[in-house]
1. Of the residues Ser42, Ser67, Ser75, only one is at pLDDT below 90, of a type in the set (S, T, N, Q) and within 23 Å of Asp179 (Cβ to Cβ); which?
2. Suppose the filter is loosely packed, with under 14 Cβ neighbours inside 10 Å, more than 16 Å from the ligand (Cβ to nearest atom) and either without any contact (Cβ under 8 Å) to a residue 24 or more places away in the chain or within 16 Å of Leu154 (Cβ to Cβ) (or both); does Gly76 pass it?
3. Of the residues in region 39-48, how many are surrounded by 14 or more Cβ atoms within 10 Å (Cβ to Cβ) and either within 16 Å of the ligand (Cβ to nearest atom) or in contact (Cβ under 8 Å) with a residue 24 or more places away in the chain (or both)?
4. Going through region 1-38 one residue at a time, which ones are of a type in the set (Lys, Arg) and loosely packed, with under 15 Cβ neighbours inside 10 Å?
5. Residue by residue through region 34-68, note down the ones that are charged (D, E, K, R), in contact with a Leu (Cβ under 7 Å, 6 or more places away or on another chain) and within 19 Å of Ala108 (Cβ to Cβ).
6. Got at least one residue in region 118-135 being in contact (Cβ under 8 Å) with a residue 40 or more places away in the chain and closer than 22 Å to Ala38 by Cα?
7. Determine which member of the set Arg23, Arg35 is within 16 Å of the ligand (Cβ to nearest atom), outside any helix (DSSP H, G or I) and charged (D, E, K, R).
8. What is the one condition in (1) in contact with a Ser or Thr (Cβ under 7 Å, 6 or more places away or on another chain); (2) farther than 29 Å from Leu154 by Cβ that Gly26 does not satisfy?
Amino acid sequence: MRDRDGLDDVLIESKLEACPHCRRTGALIGHGVLRGYAEQGSQLVVRGRRLLCANRGQRPGCGRTLSVKLETVLSGFVVRTLTLWCFFQAVLSGLTRRAAWLREARDALSLSSAYRLWRRLGRAQSALRSRLCRETPPPTCAAREPLAQLAQHLAVVVASGLVDLFAASQQQLQRGLFDP
Ligand SMILES: [Zn+2]
């Protein structure tokens, strides 16, 4: 998971990195930009870069591809982390999920998708929590709602002052928010 500038560095760094499939170094080359639909409209936007572990000519690779995604991308979803973060914050502030969706996310996704994302987040939270615990112990927290505790834990693990803590955590932990 990278930010915009980091995505270009991937091409340079990849020359020194091992392929996650075959573990060989020196075979990864750029293999185009990963695009997908924008949250709104039918426009295509950049979601990351694709790398190829080259196996042609003198290259020692395995021929498989891998992708490096922008830190704002939620794997498998068109919606980006910022929208989910704002929706999440709005629910934690006391709004119903429907009201939170109306305020923060209706341009980006349907109400049923918002419910689905919410359930997905609920299912992902224990794995996410253990990843956060490996970084920093959870802060003492007055909130009893587990997701509110999760939000506070996120804030101490990733650099504070950022707007989108889901993107920040994906980049810092190098794992997708919904990863098992
Ligand atoms: Zn390989």
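1. From the options Ser42, Ser67, Ser75, the qualifying one is Ser75.
2. So Gly76 fails the test.
3. Within region 39-48, residues that are surrounded by 14 or more Cβ atoms within 10 Å (Cβ to Cβ) and either within 16 Å of the ligand (Cβ to nearest atom) or in contact (Cβ under 8 Å) with a residue 24 or more places away in the chain (or both) number 4.
4. Answer for region 1-38, where residues must be of a type in the set (Lys, Arg) and loosely packed, with under 15 Cβ neighbours inside 10 Å: Arg4, Lys15, Arg23, Arg35.
5. Result: Arg35, Arg47.
6. Within region 118-135 (the criterion being in contact (Cβ under 8 Å) with a residue 40 or more places away in the chain and closer than 22 Å to Ala38 by Cα), the answer is yes, since at least one residue qualifies.
7. Every option except Arg23 fails the conditions.
8. (1)
The values are calculated or read from the model by the stated rules, or taken from the named source; none is laboratory data. Keep in mind it's a predicted model, so treat the numbers as computed, not measured. Every residue, glycine among them, receives a Cβ derived from its backbone with ideal geometry; neighbour counts consider all protein chains shown.
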